[in-house]
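Colleague: A single structure is presented below for examination.
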Amino acid sequence: MSRKICVVTGSRAEYGLLRWVMEAIRAAPDLRLQLIVTGMHLSPEFGLTYREIERDGFHIDRQVEMLLSSDTAVGIAKSMGLGLIGFGEALQQLQPDVLLVLGDRFEIFSAAAAALVAKIPIAHLHGGETTEGAFDEALRHSITKMAQLHFVAAEEYRRRVVQLGENPERVFLVGGLGIDSIKKLPLLDRAALETELGWSRFIRRRSMMWLASSSSRNCSRRWINGRTRTLYSRCPTPIPTDVHCRPRSSSMPPLAPMPMRMCRWARLATCPVSARWTPWSATPRAA
């Protein structure tokens with residue numbers, strides 16, 4: 001009889017790490033994959049990314065609607081409450097043998113809390129890590145305390161999980177899941193990359209460096225200026241550095257745009273969902 005492993009995913013970033021684990025579970029003859037999608041995957045504001053999961057060939061067993069269009073403290077608390085109700089119902093219907101979750105998002109906390117009450121064993125990926133200055137760290141460690149199996153990315157994180165009181169025999173050092181994506185995802189060659197970005201005439205015969213940051217919460221003028229000077233001193237190719245810092249939460253004070261050494265033909269545009277290159281129409285300087 002196959003064992004049912006229920007995976008919960010609430011965002012595209014998280015799914016990118018979970019995908020190859022899900023592929024391995026689906027391929028195992030003695031395991032049966034169950035999938036619950038929630039959070040940003042189901043939001044039109046974030047692109048309805050559950051469709052990407054379906055395009056990858058996965059069957060979605062349940063959808064748990066929980067995300068309110070608000071990132072205030074009250075809005076997040078209400079979303080967590082809706083998630084707890086939705087996951088309670090979904091787990092009762094699916095009856096998994098193990099719930100597999102990753103990270104520190106509040107959607108995952110709701111899923112873990114529902115599984116804890118239902119006496120469903122929890123396997124937690126990427127526990128023991130820290131997120132300074134955010135309540136995510138408390139959620140991550142709370143999920144650790146609710147879980148029975150722990151799969152961590154580094155020895156430091158393994159020690160931290162053990163320090164939290166977990167049985168060392170149930171804490172497994174497996175490395176970061178992003179390595180699977182690096183090894184298995186097909187990479188674009190230079191010609192395909194130039195075509196995809198529409199930058200063929202800009203970056204031909206040049207080296208190119210892409211600097212990406214997933215969070216602007218802690219950015220500062222001094223930090224960005226320092227990194228910019230370092231990159232300009234080491235990289236011969238001009239680097240777009242028009243950075244606009246946006247607060248993640250409406251409760252945080254807005255930050256004004258901070259342009260620095262603007263490249264003449266490109267701009268790095270950031271938004272809460274993604275960061276991408278946006279070509280400018282100005283003529284590039286000669287190579």
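Colleague: For residue 85 and residue 162, compute 0.36 nm times the residue count separating them, minus their Cα-Cα distance, and round to one decimal in nm. Mind showing how you got there, number by number?
Modeller: Working: separation 77, 0.36 × 77 = 27.72 nm, distance 3.08 nm.
Extra length available between residue 85 and residue 162 comes to 24.6 nm.
Colleague: Taking H as built 1.01 Å from N, whose amide H comes closer than 5 Å to the amide H of residue 32, not counting residues under 5 places away?
Modeller: It is 3, 4, 5, by chain and number.
Colleague: Contact order normalised by length for the stretch 13-155, with contacts defined as Cα pairs under 8 Å and 6 or more residues apart; what percent is it? Spell out each step's value before the answer.
Modeller: Numbers: 198 pairs, mean separation 23.5, N = 143.
With pairs under 8 Å counted, the relative contact order is 16 percent.
Colleague: Using the count of nearby Cβ atoms within 10 Å as a rough guide to exposure, how do 38, 195 rank from fewest to most?
Modeller: Values: 38 29, 195 11.
Sorted ascending by nearby Cβ count, the order is 195, 38.
Colleague: Next question. Counting other C-beta atoms within 10 Å, which of 48, 17 has the fewest, and how do the rest follow? Could the numbers behind the result be given before it?
Modeller: Numbers: 48 12, 17 19.
If I rank by nearby Cβ atoms, fewest first, I get 48, 17.
Colleague: Dipole magnitude of the stretch 3-184 about its Cα centre, charges +1 at Lys/Arg Cβ and -1 at Asp/Glu Cβ only, in debye to the nearest 20?
Modeller: Result for the stretch 3-184 is approximately 400 debye, rounded to the nearest 20.
Colleague: To continue, here is another question. With a Förster radius of 22 Å, plug the Cβ-Cβ distance of residue 28 and residue 59 into 1/(1 + (r/R0)^6) and report the FRET value to the nearest 0.05.
Modeller: Working: r = 16 Å, r/R0 = 0.72.
After rounding to 0.05, the efficiency reads 0.90.
Colleague: Which lysines, on any chain, are close to residue 78 with Cα under 29 Å apart, when same-chain ones fewer than 8 places away are left out?
Modeller: Straight-distance partners of residue 78: 119, 145.
Colleague: Given 0.36 nm per residue, what is the gain on full extension from residue 119 to residue 195 after removing their alpha carbon distance, in nm? Walk me through the numbers before you get to the answer.
Modeller: Working: separation 76, 0.36 × 76 = 27.36 nm, distance 5.17 nm.
Answer, rounded to one decimal: 22.2 nm.
Since every read-out is calculated from the coordinates, none of them should be taken as a lab result. These numbers come from a predicted model, not from an experiment. Methodologically, a virtual Cβ is constructed for each residue, glycine included, from the backbone with ideal geometry; neighbour enumeration extends over all protein chains shown.
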